[in-house]
Amino acid sequence: MVEEVSTHLYGYLKEGTVHVDSVFHKASPSIDRLEDLLKLRFIKSRRTIAFMKALEHELSSIKSSTDSRTSENYFEVRGEVMWQETIQRRLETNPKDTFRFVTRETERTFQTDENLVLKELLIKLHHYCFEDPFLAIFRVRPWYEEVMESRGFVEQGLFHNVYVSRVEWRNVSNRTIEKTKSHRKRIYREAAHLLSNIRKTERGEFSPEELHEVLHEFFIVPSNKDVLFELYWIVQLIKQQQHVTYHLMDRTRSKVASWTDGGYDFHLYHDSTGSNRVKFHIHSDELKESTNPYLIQETKSFQQYNDLAKTFFNQDKSLSYWRGRPDILVEKVESGANRLVEVTIGEIKNTQSIQYASKGLSELLTYIHLIKEENGRYLMGKEIQVKGLLCIGAIELHQVEKDNIKVVSLLQNQLV
């Protein structure tokens, strides 16, 4: 399953371990937010980590230059007196004036091309390590630990190094960066190479080889085997489509893929309530008006639960009687009109138990009957078609489809 999922699914960045053996099998996949994936690869690359760790030692010997400035002073001498120029200036103004001096002041400056390259890189690295919202997602992941251990060297160098602080930042040209790549000092050579890589990433410039490498390197195998099983079935859906656009799945986003077919746009979500076109939510007020004895008791039970949860656990009152989040959700939208015409809800159970699979069927039917439009109307019985898909382990099925429900198992993988 790991091979199947990592070969066909790009951009899974939730909890798990980095899998470096995935096989890149397509020539030119379309991947949304690929620049974020390239950014992640950059910040945790061996070259970047090594540079950050070396900063403490390398910054102690960065280069400076001397800057000379000629000025005319009266009654005071600043710097070296240039006597020939001073006499010439006195003759031009007042030969008897012995208080006029032309001087040359020499200052040590760190405002060199190579230091400008270094400063810009440190600013970029600091943003990636401390401020970038996408990269912040991975701060608690074990495979991101080296970045977290090394980022302090960046902050120390950028804000507390006496030499770097004297460099007044300004944007450097690509030509300057290329020239600095051949500098005799290692810190400047590496800074130029890394800054060049960052700029290419931000401009969306990457070679096919780089794309192959980043997709090969960054598939994260889910820690939870049930999640891996869910992704396996998602891959089976994706494999049936053409011209698929893949979306990065991080902690904040669960859209997996999208495609267009026959005048319709399809949006596939994993472990998600989908877009704002649908809702999986029952408000407690919906039970209050019922005269059904069972629902009256349900309402009382829910109210007492809220009271006791506050008493025992100081838990705030909930107004949601039910919330759902299906394993798979596919929204079919009419292109151009942006009108929802069909929804497929999928429930996935990693089991060979008929009882547990039957429980999954029950949960799937709950989703189907309780899904709502964005205006709060239930979808069942409306013009929008609702389909159900139950994916299970190796269980022999007597029938695979009835009404609007399809069941597929590992023994009978027939999604079409």
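Here are a few things to note about the model shown:
- Looking only at residues in region 357-372 that are more than 19 Å from THR273 (Cβ to Cβ) and touching a Gly at 6+ places or on another chain (Cβ under 9 Å), the one that is surrounded by the most Cβ atoms within 10 Å (Cβ to Cβ) is ALA357.
- Failed item, numbered, when SER71 is tested on (1) of a type outside the set (A, V, I, L, M); (2) assigned to a strand (DSSP E or B); (3) open to solvent by less than 20 Å² (accessible area, probe 1.4 Å): (3)
The rows are residues; the columns are (1) of a type in the set (A, V, I, L, M); (2) within 24 Å of ASP265 (Cβ to Cβ); (3) in contact with a helix residue (DSSP H, G or I) (Cβ under 7 Å, 6 or more places away or on another chain); (4) modelled with pLDDT of 95 or more.
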| residue | (1), (2), (3), (4) |
| --- | --- |
| TYR305 | no, no, no, no |
| SER335 | no, yes, no, no |
| THR351 | no, no, yes, no |
| GLU363 | no, no, no, yes |
| GLU373 | no, yes, no, no |
| ILE395 | yes, no, yes, no |
| LYS402 | no, no, no, no |
| GLN412 | no, no, no, no |
| LEU415 | yes, yes, yes, no |
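- Checklist (1) of a type in the set (S, T, N, Q); (2) at pLDDT below 95; (3) in contact with a strand residue (DSSP E or B) (Cβ under 8 Å, 6 or more places away or on another chain); (4) more than 24 Å from ILE296 (Cα to Cα) applied to THR344, failing item: (2)
- Tally, over region 292-322, of residues that are closer than 21 Å to GLY376 by Cα, in a loop (DSSP other than H, G, I, E, B) and not hydrophobic (A, V, I, L, M, F, W, C): 1
- Flag if LEU340 is open to solvent by less than 20 Å² (accessible area, probe 1.4 Å), in contact (Cβ under 8 Å) with a residue 60 or more places away in the chain, under 18 Å from ILE234 (Cα atoms) and in a strand (DSSP E or B): no
- Residue within region 398-413 that is open to solvent by less than 60 Å² (accessible area, probe 1.4 Å) and of a type in the set (Ser, Thr, Tyr) present: yes
- Failed item in (1) out of contact with any His (no Cβ under 6 Å at 6 or more places or on another chain); (2) closer than 16 Å to LEU268 by Cα, with GLU331 passing the rest: (1)
- Residue match in region 206-223 (condition: open to solvent by 40 Å² or more (accessible area, probe 1.4 Å) and modelled with pLDDT of 85 or more): no
- VAL256 surrounded by 14 or more Cβ atoms within 10 Å (Cβ to Cβ), closer than 19 Å to ASP327 by Cα and touching a helix residue (DSSP H, G or I) at 6+ places or on another chain (Cβ under 9 Å): yes
The values are calculated or read from the model by the stated rules, or taken from the named source; none is laboratory data. Quick caveat, the model's predicted, so the values are computed rather than measured. A quick note on method: Cβ atoms are made from the backbone with ideal geometry, for glycine too, and the neighbour counts reach across all protein chains shown. Each accessible area value is taken on the protein alone, full model and side chains, heavy atoms only, with ligands, DNA and RNA left out. Shrake-Rupley method; radii C 1.70, N 1.55, O 1.52, S 1.80 Å.
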